[in-house]
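Here is the structure we will look at.
All of the numbers you see were taken from the coordinates with simple rules; none came from a lab. Note that the coordinates shown come from a computational prediction; the quantities given were computed from them, not determined experimentally. Reconstructed Cβ throughout: ideal geometry from the backbone, glycine too, with neighbour counts over all protein chains shown.
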Amino acid sequence: MSTPSSTVVSRGGLRRVLLWTLTPVLAVLAVLAPLAYLTFLRDAELTPAEFLDAGGSSGGGPVVVVAGASSVHGIGSADFVSVLRQRMGGHQFVNAGVNGHTSADLLARTDEIIAVKPDAVAILVGTNNVLDAGDVESDLIGYREDLDAMARRLNDETDAKVAFYSLQPIGEDLDDEPNLRLARFNEVIAEVAATHGATYLPLNETLRTTIRAEGGSTPSEFSLASAAVAGARHYYLGQSWDEIGRGNGYTVLVDGVHLNDRGAAMAADLAEHWLRTP
């Protein structure tokens, strides 16, 4: 049976409408899907699982685990673990950073850190605790318990020397409320490190010195959208993390939370000095 011409026209028109509608949507997805992978989803270089899958060795030398959240993961900002890897070829650096993690999340991953049998563990975690803080007093108690439990397990179940980084500023208005709140979390870090004989790595204090010297004052306006824009500028436009940070008004940060290349170099400096100190 022949199809009426009006039906043919109707179906053809529908196809054109769908094509016009879906083409820009598919184009956007073609841009956003790789960006999401590059900036948020892909694994860091040499995770604990990769290290263990390779037989527990990626080339010999002391094994150093750097553990934490996105600032350690280092895919949506400068990667200071890779900086250490480039500087200290005699060491094996395992990246146990996972985007979005809090201290409780990292505590739940302590088994994978211990399984690596590290010679040293450096921990930088807590920015997400600060950003998510509701009842600060209660959150500080929970944060202390998480760090205390991590330090205790690492001391009891490994022979690793342990260090805790203080948290980088949230934005570069150092006297605003987020940074005043963050200072209380850094006090907890210092106290836990002292209690367990761990080294305190003064990242916050080092970055603040540079911020003050250069007149930094831009508050944080961090969001997933701003992180995605920073990722697009880096991965699609080829801009350095320093260039992106400067464009956003920062001296040592990219987006008000994460480290740019300068900030990452300072984080690496602190760990390198600690690791090279007998």
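With a cut-off of 14 Å between beta carbons, the residues surrounding ALA232 carry a summed charge of -1, where Lys and Arg count +1 and Asp and Glu -1. Between the amide H of LEU259 and those of ALA78, VAL254, distances stay under 5 Å, these residues lying 5 or more places away or on another chain, with hydrogens modeled in the peptide plane. Counting Lys and Arg as +1 and Asp and Glu as -1 over every other residue whose Cβ lies under 14 Å from the Cβ of THR206, the net charge comes to -2. Of GLY171, GLY249, GLY56, the residue with the greatest mean-square motion in the GNM of the chain, using alpha carbon springs below 10 Å, is GLY56.
Please determine, in degrees from 0 to 90 and to the nearest 10, the orientation of helix 224-235 with respect to the longest principal axis defined by the Cα atoms of the chain, where the helix direction is its Cα long axis. Taking Cα atoms only, the helix is inclined about 90 degrees. Per-residue extension of 0.36 nm, minus the Cα-Cα distance of ALA194 and LEU52, leaves a gain of 48.0 nm for this segment. Where (i) 239; (ii) 144; (iii) 189 are the candidate values, the label of the one calculated here for volume of the Cα convex hull per residue in Å³ is (iii). Within region 40-276, DSSP assigns beta bridges of which about 10% are antiparallel (rounded to the nearest 5). Would you mind getting me the FRET efficiency between GLN86 and ALA183? Use the beta-carbon distance for r and R0 = 35 Å, nearest 0.05. E(calc), rounded to 0.05, equals 0.65. Our estimate of slack between ASP176 and ALA36, defined as 0.36 nm per intervening residue step minus the Cα-Cα distance, is 47.3 nm. A straight chain from ARG152 to ALA225 at 0.36 nm per residue would run longer than the Cα-Cα distance by 22.5 nm.
Looking at ALA163, PHE51, ALA194, which one has the Cα that reaches farthest to the positive end of the dipole of region 40-276 (charges on Cβ: Lys, Arg +1; Asp, Glu -1)? The one lying farthest along the dipole's positive direction is PHE51. Summary of packing: across the peptides 99-105, 214-220, the per-residue average of other C-beta atoms within 10 Å ranks them, highest first, as 99-105, 214-220. How tilted is helix 5-36 with respect to the longest principal axis of the chain? Cα atoms for both, answer in degrees (0 to 90, nearest 10). Once rounded, one gets 10 degrees.
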